Amino acid sequence: MTQAIQSTTSCDAEIEARPARERTPADRKLRVINLCAVVVPLIGLVAAMTLAWGRWFDWSHLIVLWAMATVTAGGITVGYHRLCTHRSFSAPAWVRYALAAAGSMAVQGAVFRWAGEHRRHHHHSDTEGDPHSPHKSADGSWGEGIFATARGFFHAHVGWLFRGRSRGLGKYIPDLKQDRALSAANRHFPLLVLAGLGIPAVLGGVITWSWMGVLLGFLWGGLVRILLVHHITWSVNSVCHLWGTRPFAVRDESRNNPLVAVLSLGEGWHNNHHAFPASARHGLRWWELDPSYVFIRLLGVVGLARDIRTPDRARVIAKRAASRHVPEPASPGVGG
Ligand SMILES: [Zn+2]
Ligand SMILES: [Zn+2]
């Protein structure tokens, strides 16, 4: 799963028409915004730890962190990824907005850009056109050996945010641009980011009834939570294209990684996802825990999700059986 912290909310046609290699002012602006979005949460972590060292800490702030992380990570997995990018179920306009708003608070970019980058990832997965492959750079392979693996990992995890192209995404999301609810969420991205920082600050203040509580709520439930969710999301891009199992022989290097799956609300069943990208369900076996799918089913039970797409069981079994006869890639690491 992709994603960046790009906050530019439009895919400008004039910018898209320029050669891919040319760095535009929009590219430079995006790099600065992404740099801030990567560094500021780190500063927040240092500040929160320093205050905790001085005994300015309350367990209630970790509960706020957990609640905000669950809501915003769910906004990414259920809203940005399975609903908007892959259209694996449908939902009323207010639910589409609410899910995209929750995803926006994760500060991984406005929904159109996120979905565009992720569709590009599926379209060019682990080839030169992939925005964040640990196996292929825009110029070809990362090379051989442990340092090449490290470079590929870093690029897929976070480095691509500073190298990527800010243009050419419009062609991937024409359907999303027609959606008024998602267009509103896309436009409101900066406000939603502020809301994602303000809500935990208010909660921290109300719980402890102090200004220090406001600050600690902002740090733990805002910045530290953003850092945590960033690295979990980025691990799907990096770890899940390097290490794990491959029950399905797909044309890319995607892998199922149980640890990432547990942390990412089910997104770590990434080989399953590349094999059946339109499926709302990523954990395809009973033991493949997939809380995001459980939530989608719950939405369905109360009438807020329809047309929930899952692959036919016989098709899954047949594809898994056929994959056993396909040899594994030569190396799980980085290479040609
Ligand atoms: Zn996907
Ligand atoms: Zn992938």
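The values are calculated or read from the model by the stated rules, or taken from the named source; none is laboratory data. Keep in mind it's a predicted model, so treat the numbers as computed, not measured. Here the Cβ positions follow ideal geometry from the backbone for every residue, glycine too, while neighbour counts run over all protein chains shown.
How many residues does region 139-180 contain that are under 24 Å from A275 (Cα atoms) and assigned to a loop (DSSP other than H, G, I, E, B)?
Residues meeting the conditions: 2.
Checking W243 against (1) more than 16 Å from ligand 1 (Cβ to nearest atom); (2) in a helix (DSSP H, G or I); (3) closer than 30 Å to H122 by Cα; (4) not basic (K, R), only one condition comes out false. Which one?
The number of the failed condition is (2).
Counting residues that are surrounded by fewer than 19 Cβ atoms within 10 Å (Cβ to Cβ), more than 16 Å from ligand 2 (Cβ to nearest atom) and modelled with pLDDT of 95 or more, which helices (runs of 4 or more DSSP H) fully inside region 1-102 reach at least 1?
Hits in region 1-102: 25-53, 59-74.
For W234, which of the numbered conditions (1) touching a Ser or Thr at 6+ places or on another chain (Cβ under 6 Å); (2) buried (at least 20 other Cβ atoms within 10 Å of the Cβ) fails to hold?
Result: W234 passes all but (1).
Taking region 243-256 as the search range and keeping residues that are more than 11 Å from ligand 2 (Cβ to nearest atom) and within 15 Å of F153 (Cα to Cα), which one is surrounded by the most Cβ atoms within 10 Å (Cβ to Cβ)?
For region 243-256, the residue satisfying everything is G244.
Please find, within region 110-132, the residue that is surrounded by the fewest Cβ atoms within 10 Å (Cβ to Cβ) out of those that are within 14 Å of ligand 1 (Cβ to nearest atom) and either among the polar types (S, T, N, Q) or outside any helix (DSSP H, G or I) (or both).
Result: H124.
Select, from L182, L191, L227, L242, the only residue that is of a type in the set (A, V, I, L, M, F, W, C), under 30 Å from G54 (Cα atoms) and at pLDDT 95 or above.
Matching residue, one of L182, L191, L227, L242: L227.
Name the residue, out of V294, V229, that is free of Cβ contacts under 8 Å to residues at least 60 places away in the same chain and at negative phi.
Only one candidate qualifies: V294.
Would you confirm, using the coordinates I've provided, whether G333 is at pLDDT below 95 and not β-branched (V, I, T)?
It is true that G333 is at pLDDT below 95 and not β-branched (V, I, T).
If we scan region 152-159, do we find a residue that is within 16 Å of ligand 1 (Cβ to nearest atom), closer than 21 Å to W234 by Cα and not charged (D, E, K, R)?
Yes, some residue in region 152-159 is within 16 Å of ligand 1 (Cβ to nearest atom), closer than 21 Å to W234 by Cα and not charged (D, E, K, R).
For a quick check of your reading of the model, give me the residue pairs whose first member lies in region 253-270 and is under 18 Å from H122 (Cβ atoms), whose second is more than 14 Å from ligand 2 (Cβ to nearest atom) and among the charged types (D, E, K, R), with beta-carbon atoms closer than 8 Å and at least 6 apart or on different chains.
Listed pairs, sorted by first residue: N256/E288; G266/E288; G266/D290; W269/E288; W269/D290.
So, restricting to helices (runs of 4 or more DSSP H) that lie completely within region 266-326, which ones have at least 3 residues that are under 23 Å from the mean Cα position of the chain (by Cα) and not charged (D, E, K, R)?
270-275, 291-301
Only one of these conditions is not met by E267: (1) charged (D, E, K, R); (2) more than 19 Å from P131 (Cβ to Cβ); (3) crowded, with 20+ Cβ neighbours inside 10 Å. Which number is it?
(2)
Within region 114-168, work out how many residues are touching a Lys or Arg at 6+ places or on another chain (Cβ under 6 Å) and away from ligand 2 (no atom under 16 Å from the Cβ).
Going through region 114-168 one residue at a time, the tally reaches 2.
Where the second residue is of a type in the set (K, R) and more than 11 Å from ligand 1 (Cβ to nearest atom) and the first is farther than 17 Å from D307 by Cα and lies in region 79-101, which pairs have Cβ atoms under 8 Å and are six or more apart or on separate chains?
Correct list of pairs: empty, since none qualify.
Just one of the numbered conditions (1) more than 16 Å from ligand 2 (Cβ to nearest atom); (2) hydroxyl-bearing (S, T, Y); (3) in contact (Cβ under 8 Å) with a residue 24 or more places away in the chain is not true of S210; which one?
(3)
When S279 is evaluated against the numbered criteria (1) of a type in the set (S, T, Y); (2) more than 14 Å from ligand 1 (Cβ to nearest atom); (3) buried (at least 18 other Cβ atoms within 10 Å of the Cβ); (4) more than 21 Å from Q108 (Cβ to Cβ), which criterion, by number, is the only one it fails?
Only one criterion in (1) of a type in the set (S, T, Y); (2) more than 14 Å from ligand 1 (Cβ to nearest atom); (3) buried (at least 18 other Cβ atoms within 10 Å of the Cβ); (4) more than 21 Å from Q108 (Cβ to Cβ) is unmet by S279, namely (2).
In the list L219, L203, L215, which residue meets the criterion of being away from ligand 1 (no atom under 16 Å from the Cβ) and either closer than 30 Å to H155 by Cβ or not in a helix (DSSP H, G or I) (or both)?
L219
A quick yes/no check of all residues on (1) in contact (Cβ under 8 Å) with a residue 40 or more places away in the chain; (2) out of contact with any His (no Cβ under 9 Å at 6 or more places or on another chain); (3) polar (S, T, N, Q):
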| position | (1), (2), (3) |
| --- | --- |
| A138 | no, yes, no |
| R187 | yes, yes, no |
| A201 | no, yes, no |
| V206 | no, yes, no |
| G221 | yes, no, no |
